[in-house]
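The block underneath contains the structure these notes are about, expressed in C-alpha cells.
All of the numbers you see were taken from the coordinates with simple rules; none came from a lab. What you see is a predicted model; the values in this text were computed from it and never measured. Reconstructed Cβ throughout: ideal geometry from the backbone, glycine too, with neighbour counts over all protein chains shown.
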Amino acid sequence: MAHDARPGGAAGGPRRPVALGAALGGCALLAVSATPAAAHGPGPGRATDYVSLGDSYTSGPGIPRQVDAGCARSDRNYPSLVAAQRGVSTFKDVSCGGATTAEMWKPQGANDAQLNALGRGTDLVTVQIGGNDIGFGSIISTCARLGSQQPAGDPCRQYYTSSGVDRLMLAVAQTAPKVDRVLRAVHARAPQARVLVVGYPDLLPDDGSGCFPSVPFASGDFPYLRDTGKRLNLMLRLVAGWNHAEYVDTYRPTVGHDMCKAPADRWIEPLQPAAPAAPAHPNAAGEQAMARAVLAALDKGHGPGRGHGH
C-alpha cells in the first residue's frame, strides 16, 4: 500500500537533486522526485467521483453565490462548473481561500484538512496550490506600496533582489518539493484518480506594460511580476510531470484579460474590484475561463502517466 507523503518528509522511492533552478532562471538545485510515481487513473472514461483541492483562485472569493463563508467558496467557481458540465455523481469542493500546501494535511479554521476529502473511489482530482506558499498576498501589497511611492523604475524587484538573490524565484523553487509531496499524497489516497494540476491565470499584461495607477505597481515591476507568475506555472508544470499528473495551462487562455484591461474585458479584478471578486483574483468570467481549460484537458482523454503535464 502506498504511503502518504507528509510535510515533514517524503515517501515513495529514491530521491535525488533535479536542476529545477536552471529551468526557473538560475536558482539552487532542489531535491524533488526524479523517479515519477507509477501511472494512475482510469483512462479516458468519464469520472464519477470528483474532488477539488486548492486555494482562493479555486474557491472564488466574492463571486456570487458564496456557499462557504469561512473558505470564501463560490458555487460558480471553476470546479463547480466542471462538475456540472461533466455530470459527475459525487462532487466535493474543499478549496479554501488562504490555503497553502500545509492545509492539505491540517484543518483551516472549521474546515478539515483538504486531503481528507479523497478516497479510494475518487477518480478525478484537480489541484491548484502554491501561490500562497510563495506569499502571493504579501507580494501584491508590498509591490503596490512601493509602486505608489515610486511609480517609475522597479522598486519591488530591487526589494526582492537586494540580498543578491531573487527571493521570489527562490520561493518558487522552495515550493516545488511541497507541491511534489501534495501530489504523492493525492496518489496515495486516491490511487485510481486522474489528477490535474491547474496553473494560475494571467494577472498582468503579458507584454510587460503597466497601468498605473489602476494597478499601482511601478512600470519596471510589471514585467518582473509577470515573470514570477510564469516561473510559478513552469514549476507546477514540471512537478506535475514528475508525478504523472496532467498540467492545465490557464495562463495562455487568459492572456489579454488581465487586471489592467477594461472592466468588460478583464477576467482578473484589480486591487479595487469593479465586479464581485477579491482583489487581484479571477471574477466569474475568469473562473469560467479556467473551467474551459480544465474541460478541454479532460476531453483530450489523456490519463495520468501519458500526458506528463505537457
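Inter-part distance, segment 134-151 to segment 234-263, computed on C-alpha centroids, equals 22 Å. For the modelled label position 7 Å from the Cα of Ser148 along Cα-to-Cβ, which residues of segment 213-243 have backbone nitrogen atoms closer than 11 Å? Counting backbone N atoms under 11 Å from the label point, the list is 216-217. The H on the amide N of Thr100, modeled in the peptide plane, is under 5 Å from the matching H of no residue at least 5 residues off or on a different chain. Rg and Dmax of segment 50-186, both derived from C-alpha coordinates alone, stand at 17.3, 54 Å.
Inter-part distance, segment 91-130 to segment 188-204, computed on C-alpha centroids, equals 12 Å.
Other residues whose C-beta falls under 14 angstrom from the C-beta of Arg65 contribute a net charge of -2, scoring Lys and Arg +1 and Asp and Glu -1. For segment 246-257, 3J(HN,Hα) computed residue by residue from phi via the Karplus equation (6.51, -1.76, 1.60; θ = phi - 60°) reads 9, 9, 10, 7, 9, 6, 4, x, 10, 4, x, 10 Hz, glycine and proline entered as x. Take every pair of alpha-carbon atoms less than 8 Å apart whose residues are at least six positions apart; their mean separation over the length of segment 41-299 yields a relative contact order of 22 percent. Less than 5 angstrom separates the built amide H of Val67 from those of Arg73, Ser74, Asp75, all sequence-distant by 5 or more or on a different chain.
Taking Cβ atoms as reference points and 9 Å as the exclusive limit, the residues near Gly97 contribute a net charge of 0, counting Lys and Arg as +1 and Asp and Glu as -1. Highest average first, the peptides 263-275, 196-208 ordered by how many other beta carbon atoms sit within 10 Å of their residues are 196-208, 263-275. Under 25 Å of direct C-alpha separation, and excluding same-chain neighbours fewer than eight residues apart, Lys300 reaches these lysines: Lys92, Lys230.
Sorting check: for 110-118, 170-178, 123-131, which peptide has the highest mean count of neighbouring beta carbons within 10 Å, and how do the rest follow? Numbers along the way, then the final one.
Numbers: 110-118: 17.4, 170-178: 21.3, 123-131: 26.1.
Packing proxy ranking, top to bottom: 123-131, 170-178, 110-118.
First select every other residue whose beta carbon is under 15 angstrom from the beta carbon of Ser214; then total the charges, Lys and Arg +1, Asp and Glu -1. Net charge around Ser214: -2.
Modelled spin labels at Phe212 and Thr90, positioned 7 Å past Cα toward Cβ, are 5.3 nm from each other. Oblate is the label for segment 158-310, because the ratio a/c of its alpha-carbon gyration tensor axes (a ≥ b ≥ c) is 1.5 or higher and a/b is not greater than b/c. Alpha-carbon geometry of segment 125-216: the Rg and the Dmax are 16.9, 52 Å, given in that order. With the convex hull constructed from alpha-carbon coordinates only, segment 41-299 shows a mean projected area of 12.8 nm² over all directions.
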